[in-house]
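The structure appears below as structure tokens.
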Amino acid sequence: MKQNVQKKFAEYFLYFMMYSVIGWIYEVFLEVVVYRWGFSNRGVLFGPYCVIYGFGALILIFSLSSLQKKRICLGKIPVTPVLVFIGIVLITTVVELAATYIMEFTHGEWLWDYRRFAFNFEGRIALNPSIRFGIGGMVFLYGLQPLFKKLTAKMSDKTLYTVSLVLLILIIADLIYTFCL
């Protein structure tokens, strides 16, 4: 039982790190290629990861995977993906809002400003990014997560534990570097 819990923890930590890195790449891509603002580290830590994406991904996995597996229909029309999309939009919006308050408390500010978008709340959240997160969440839940699940399933336990441990040490060192030095 204990080994199964350790293995699940290692898998989910690996998912957390993968989605944190993907989130960082997405943010940098938007900043450099789409908005042409130039490069800056888009995470709160030193390394190339945005932990809000990692936490958001895990929250989506834990809260929506059972809904995702259900087959809910209106007549003959399947509506499960629509319900999953709505869930993603709501959850990511709440996570993003909470993150602004946490960053404001710990750093005195948060890393984005959505005042330029219609339907925003104090520049912290807005409809446009929430819909983009909904679309991205669908790609993640229906596309990437099944691939990552297969990837971790193919890893030996030793490889899974080693990779997870190395990444855990790396992020702990980054936390110490960022917040204590």
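The values are calculated or read from the model by the stated rules, or taken from the named source; none is laboratory data. Being a predicted model, the structure only gives us computed values, none of them experimental. As a convention, Cβ positions derive from the backbone with ideal geometry for all residues, glycine included, and neighbour counts pool all protein chains shown.
Kindly indicate whether Leu127 is among the hydrophobic types (A, V, I, L, M, F, W, C) and exposed (fewer than 13 other Cβ atoms within 10 Å of the Cβ).
no
The condition of being modelled with pLDDT of 95 or more, more than 21 Å from Tyr15 (Cα to Cα) and not in a loop (DSSP other than H, G, I, E, B) holds for only one of Ile61, Ile91, Ile102, Ile86, that being Ile86. Within the range 121-150, the only residue that satisfies the criterion of being of a type in the set (S, T, N, Q) and free of Cβ contacts under 8 Å to residues at least 24 places away in the same chain is Asn128. Hey, does the range 94-105 have a residue that's over 19 Å from Tyr26 (Cα atoms) and in contact (Cβ under 8 Å) with a residue 40 or more places away in the chain? Yes, the conditions are met somewhere in the range 94-105.
Exactly one residue among Tyr15, Tyr114 is touching a residue at least 60 places away in the same chain (Cβ under 8 Å) and of a type outside the set (S, T, N, Q), and that residue is Tyr15.
Pick out the one residue from Val32, Val21 that is part of a helix (DSSP H, G or I), aliphatic (A, V, I, L, M) and more than 25 Å from Ile176 (Cα to Cα).
Val32 is the lone residue from the list that is part of a helix (DSSP H, G or I), aliphatic (A, V, I, L, M) and more than 25 Å from Ile176 (Cα to Cα).
Scanning the range 151-164 for residues that are surrounded by 10 or more Cβ atoms within 10 Å (Cβ to Cβ), of a type outside the set (S, T, N, Q), part of a helix (DSSP H, G or I) and free of Cβ contacts under 8 Å to residues at least 24 places away in the same chain yields a single hit, Leu151.
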